[in-house]
Every structure is written in C-alpha cells, then in structure tokens.
Amino acid sequence: QVQLVESGGELVQAGGSLRLSCAASGRTFSRYAMGWFRQAPGKEREFVAAIGGSSGRTYYVDFVKGRFTISKDNAKNTVYLQMNSLKPEDTAVYYCAASLLPVITTSRLDYAYWGQGTQVTVSS
C-alpha cells in the first residue's frame, strides 16, 4: 500500500521560512517525478513545484520561483519543499504527490498518489 505523509506545515509570519517533508512508503519513487501542489480555501488545487525522477530536474510555478526549492533524498524516499520569504497568499493546504512518469508534469491528472496535506498559514 502506497502512502505519502506530509509534515512541516504550521503558522509562520510573513517573511519566514518552512520546510515541508513528504515521506513515501510502499513504493520506491526515485525513478518517478514527485510534486507539490497547494489548495487555498475556495480555490482549486494548483501546481507548485516538481522534481524529475532520475534526472532530478526541477520546475516551479512562477509565483514561487526564487522563494521555494524542491529536493529529494532517494535513500529516504522523501521529498522536501523549502519555502522562504513566505507571503500571506502562500497560505494553503500543501499536498505531496507522486507520479508514475519519470518526467516532470504539472497536471494533477498525471499524479497517481497523494498525501493527506499539511496546513501552511502565513500571517501578515
């Protein structure tokens, strides 16, 4: 049984930093792309960042470029999202997702497995 478990979300002041973690079990995802999405109240879930399988290439949505960094530790089957210079508009539930494709994709439809989400709240 595949499980993705996120952690690290909390309340932080604007300008602060957080590091989210996503621990995967039940399957090794080192060859597959992993991504982070977020969903704010009343809005659709949106793509934030992704990291490729073997390539380790990364891709970010424009509004987090330069502030967020996605990385992974294949030995731990864990992916991270380092978030710096946080803004109130970054407030959302952040979801980790695992694809069955090796290449980066921004579409929710390409991700087969999802975590339960972790709440990030940025106060102004």
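The values are calculated or read from the model by the stated rules, or taken from the named source; none is laboratory data. If you're wondering where the values come from, they're calculated on a predicted model, not measured in any experiment. Cβ atoms come from the backbone with ideal geometry, glycine included; neighbour counts cover every protein chain shown. Only protein heavy atoms, including side chains, enter the accessible area calculation; ligands, DNA and RNA are left aside. Shrake-Rupley method; radii C 1.70, N 1.55, O 1.52, S 1.80 Å.
List of remarks:
- Spatial separation of Cα centroids for segment 93-124 and segment 1-29, in angstrom: 10 Å
- Accessible area per residue in Å² at 1.4 Å probe, computed on the chain: 51 Å²
- Taking 19 Å as the straight-line reach from the Cα of Lys43, the aspartates and glutamates in range (excluding those fewer than 8 positions away in the same chain) are Asp62, Glu89, Asp90.
- Inverse mean reciprocal Cα-Cα distance (Kirkwood Rh) of the chain, Å: 14.1 Å
- Theoretical gain in end-to-end length, Leu101 to Gln1 [0.36 nm per residue, Cα-Cα removed]: 34.1 nm
- Mean sequence separation of contacting Cα pairs (under 8 Å, at least six apart), scaled by the length of the chain, corresponds to a relative contact order of 36 percent.
- Solvent-accessible area, 1.4 Å probe, carbon plus sulfur percent, for segment 55-113: 51 percent
- Pairs of Cα atoms farther than 17 Å apart, segment 1-50, %: 51 percent
- Hypothetical label at Ser30: residues of segment 53-94 whose amide nitrogen lies under 18 Å (7 Å Cα-Cβ projection): 53-57, 71-80
- Two-site FRET efficiency, Ser124 against Asp62, from Cβ-Cβ distance with R₀ of 22 Å, rounded to 0.05: 0.50
- For the peptides 96-102, 5-11, 21-27, 61-67, the ranking by packing is 96-102, 21-27, 5-11, 61-67, with the highest mean count of neighbouring Cβ atoms within 10 Å listed first.
- Computed extension gain for Gln13 through Lys43, at 0.36 nm per residue and net of the alpha carbon distance, reaches 8.6 nm.
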